[in-house]
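The values are calculated or read from the model by the stated rules, or taken from the named source; none is laboratory data. All of these numbers come straight from a predicted model, not from anything done at the bench. Glycine also receives a Cβ, built like all others from the backbone with ideal geometry; neighbour counts cover every protein chain displayed.
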Amino acid sequence: MKIADASLINVHAILPASRVNGPGNRMVIFFQGCSRGCAGCFNPDTHSFEIRRLCSPQDILSARRNNIEGITVSGGEPFMQPIGLLKLLKGARELNLTSVVYTGFRIEELDGTCSACLPFIDVLVDGGYEDALRETTLLARGSTNQRIHILSGRYSEADFYMPGKVEVVIDSNGVVTETGFSRIELRN
Ligand code: SF4
C-alpha cells in the first residue's frame, strides 16, 4: 500500500531499549514491508506492505528513552522506505545518537535516496538472512553472507560483542517479544 506522505514510516514495532541489537543500549525500530523473500527470514510478520502504524521520524525520536546511545533500524526492509529512513537517520545524528541499520540489500545495490542515507549510518549490516548459511557464532548477524560495514569512526567491530544473542521483552500488557540473532523456545 502506498503511503501518501513518504516522510512517514510504516512501523512494525519499536523496542524502546535493547542490548542485543548493536552496541550498548539501543532503541530498535522495525520497519514494516519487505519483498525480498529470504528463505528462513526471522521476521515474516514484517513482510506485508499493509499500513501497520504510521509514525513521523520526529515522533519516533521524541519518544526515546534518555539512556539509549543510539538507534538500530531493522525490518522489514528499511531501504524500501528511503525518505522516512533518511529523515530518521538525520534526526538521530542531530541528537548525537549512533545509527546501526540492517538491510537485505548489499551496499553496492544502494543508490539515489538510499545511498544518501549512508553518511548518516555508523554501521550497516547488509545482505538478507539465508537459512542455508546460518552460523550461530557470528557477531550481530545470522548468516555468513551478511557483512558488517563500519561507515564512521564511532564504532569498531569489537563493539558488536554483545551481552547475549537473544533477548525476551515482556511489556506492561504481558506481551512477550523475542529479539536478537538466535531463537529460543518460549513455553506457556
Ligand atoms: S530482507 Fe530481511 S526482512 Fe526481508 S525477507 Fe530478507 S531477512 Fe527478511
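One residue stands out in the stretch 16-49 among those that are among the aliphatic types (A, V, I, L, M) and more than 16 Å from the ligand (Cβ to nearest atom): the one that is modelled with the highest pLDDT, namely Met27. One residue stands out in the stretch 63-82 among those that are touching a residue at least 40 places away in the same chain (Cβ under 8 Å) and in contact with a helix residue (DSSP H, G or I) (Cβ under 6 Å, 6 or more places away or on another chain): the one that is nearest to Arg19 (Cα to Cα), namely Ile71. Taking the numbered list (1) in contact (Cβ under 8 Å) with a residue 24 or more places away in the chain; (2) closer than 23 Å to Ala39 by Cα; (3) of a type outside the set (Asp, Glu) in turn, Ile150 passes all entries but (2).
Which residue, of Gly104, Gly112, Gly70, is more than 16 Å from the ligand (Cβ to nearest atom) and either under 18 Å from Arg26 (Cα atoms) or crowded, with 17+ Cβ neighbours inside 10 Å (or both)? Write out each step before concluding.
Values: Gly104 fails: more than 16 Å from the ligand (Cβ to nearest atom); Gly112 fails: either under 18 Å from Arg26 (Cα atoms) or crowded, with 17+ Cβ neighbours inside 10 Å (or both).
After ruling out the rest, the residue left standing is Gly70.
Here the strands (runs of 3 or more DSSP E) wholly within the stretch 15-104 that include at least 3 residues being among the aliphatic types (A, V, I, L, M) are 26-31.
Confirm whether Gly75 is crowded, with 17+ Cβ neighbours inside 10 Å and either of a type in the set (D, E, K, R) or within 16 Å of the ligand (Cβ to nearest atom) (or both). For Gly75, the condition - crowded, with 17+ Cβ neighbours inside 10 Å and either of a type in the set (D, E, K, R) or within 16 Å of the ligand (Cβ to nearest atom) (or both) - is met.
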